[in-house]
Amino acid sequence: MSARAFITRLGLVALLLCLSGAVVAARAFEIVPHRAVYDLSFAGARGNSQVVDVTGSMVFEWEDACDGWSVTQRTAMSFSYQSGETVSLGWNLVTWESKDGLRYRFFIRNLQNGELKEEYRGEAHLDGPGQGGVADYTVPEGRKIPLPPGTLFPTAHTVTLLKHIEAGESFLWATIFDGFDADGVSDISALVTKNLGTDTGAGRSPLLSSVSSNRVHLAFFKHTDGSTEPEHEQQLRLHMNGIVESIVLDFGDFNVQGKLTELKALKPPC
C-alpha cells in the first residue's frame, strides 16, 4: 500500500481514530472530550523499505457539540526516501455524528506536497440500530453507497469497543463507514492484547493517570474483496475515557510512532 493510500484511512481511530463516544451514566467508563497533539516519528524499517525517516504531527479535537459529537483532525507527515526525495502528505477532516449513532457528516481533504489531491464530502444515515442505510456524497457529486446492516459510524464503534473491553471481551469485528475515500466502508478487527491498568507516575496528566488503559491492535480490511490480509494495522494505548496515549502506525515495511505531547479536556458549549 502506498503511503498516501495509507494516510487516507489513518483518521479512523486514526485515530480509530476518530476516537470519540457518548457519556452515559450507566457505564463505568466516561468519555472525555479533549484536544490531543501527537508528535509523529520514524520507528524502524524492515524488508526492502525505501523510507529512511518520517517526521510530522497530528492534532485531534473531539468536542461535545450538544446535538452530537464533532471531531476535527489535522495531520502533516514528511517522508524521506533513500533516493533523497522527500514527500509531504497529510489530511484535514471535520466530522459530526449524532448521539444515537444514526447520522454522520464528513468533510475530508487529502494533501500531497501542499496541494489538494482528494476531497470527500457528504452525509450518511442508518435506518435504525443494527440496520443498514445510505451514504450520499456531495464530493464526488452524486456518489451513493449502500451501508450494510450492522454498519457503525466512528463514534458508535468506539463506544462498542469500550463496552467490549469493560465486559472483559478481547475481540471485536465491525463494519465501519467513515467517508475517508470513495468507498468509505471498511472492516476493522480490534484485539485487546494487554490490560495496562492505571499509571500514576509523576508528571502524568490526571486525564491519563486516573483511568485504566489497554493495548489494542487494529487491523483494517477492504469490505468488498474478502481478503484475509489487512490493508494496514495500528497499535494503540487506549484509555477507558477514549484518550489514545500512544499509537504505532504499521505501513507494512516501516512503522511510524505517535507520542502524545499535549492534552487538555474540552468543555461542552451547552
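Numerical summary
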| quantity | calculated |
| --- | --- |
| Some residue of the stretch 151-167 being over 18 Å from the mean Cα position of the chain (by Cα) and at pLDDT below 95 | yes |
| Residue that is surrounded by the fewest Cβ atoms within 10 Å (Cβ to Cβ) [pool: residues in the stretch 179-210 that are of a type in the set (A, V, I, L, M, F, W, C) and over 20 Å from the mean Cα position of the chain (by Cα)] | ALA202 |
| Residues that are in a strand (DSSP E or B), among the small types (Gly, Ala, Ser) and either more than 16 Å from SER57 (Cβ to Cβ) or more than 16 Å from the chain's Cα centre (by Cα) (or both), drawn from the stretch 74-119 | SER78, SER80, SER88, SER98 |
| When residues of the stretch 227-253 are limited to those that are under 14 Å from the mean Cα position of the chain (by Cα) and of a type in the set (Asp, Glu), the one nearest to ILE188 (Cα to Cα) | GLU233 |
| Residues that are over 17 Å from PHE220 (Cβ atoms) and surrounded by fewer than 17 Cβ atoms within 10 Å (Cβ to Cβ), drawn from the stretch 133-149 | VAL134, ASP136, THR138, VAL139, PRO140, GLU141, GLY142, ARG143, LYS144, PRO146, PRO149 |
| PHE177, sole failed condition from (1) out of contact with any helix residue (DSSP H, G or I) (no Cβ under 9 Å at 6 or more places or on another chain); (2) at pLDDT 95 or above | (1) |
| Residue check for GLY122: small (Gly, Ala, Ser) and either part of a loop (DSSP other than H, G, I, E, B) or over 20 Å from the mean Cα position of the chain (by Cα) (or both) | no |
| Matching option when the condition is out of contact with any helix residue (DSSP H, G or I) (no Cβ under 8 Å at 6 or more places or on another chain), more than 28 Å from GLY128 (Cα to Cα) and not basic (Lys, Arg), among LEU208, LEU147, LEU161, LEU191 | LEU208 |
| Single unsatisfied condition, TYR137 versus (1) within 21 Å of ILE176 (Cα to Cα); (2) within 19 Å of the chain's Cα centre (by Cα) | (2) |
| Subset of the stretch 73-101 [surrounded by 17 or more Cβ atoms within 10 Å (Cβ to Cβ), over 21 Å from GLU115 (Cβ atoms) and not aromatic (Phe, Trp, Tyr)] | THR95, GLU97, SER98, LYS99, GLY101 |
| Boolean, LYS163 is surrounded by fewer than 19 Cβ atoms within 10 Å (Cβ to Cβ), among the basic types (Lys, Arg) and in contact with a strand residue (DSSP E or B) (Cβ under 8 Å, 6 or more places away or on another chain) | no |
| Filter pass, VAL71 being under 20 Å from the mean Cα position of the chain (by Cα) and in contact (Cβ under 8 Å) with a residue 24 or more places away in the chain | yes |
| Some residue of the stretch 172-183 being over 30 Å from ALA265 (Cα atoms) and in contact with a His (Cβ under 8 Å, 6 or more places away or on another chain) | yes |
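Yes/no matrix, rows are residues, columns are (1) in a strand (DSSP E or B); (2) at pLDDT below 60; (3) over 17 Å from ASN92 (Cα atoms); (4) under 22 Å from the mean Cα position of the chain (by Cα):
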| position | (1), (2), (3), (4) |
| --- | --- |
| ALA14 | no, yes, no, yes |
| VAL23 | no, yes, yes, yes |
| ARG27 | no, yes, yes, no |
| GLU30 | no, no, yes, yes |
| SER41 | yes, no, yes, yes |
| VAL54 | yes, no, yes, yes |
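The values are calculated or read from the model by the stated rules, or taken from the named source; none is laboratory data. In this text, all values refer to a predicted model and were calculated from it rather than measured experimentally. Note that each Cβ is placed from the backbone with ideal geometry, even for glycine, and that neighbours are counted across all protein chains shown.
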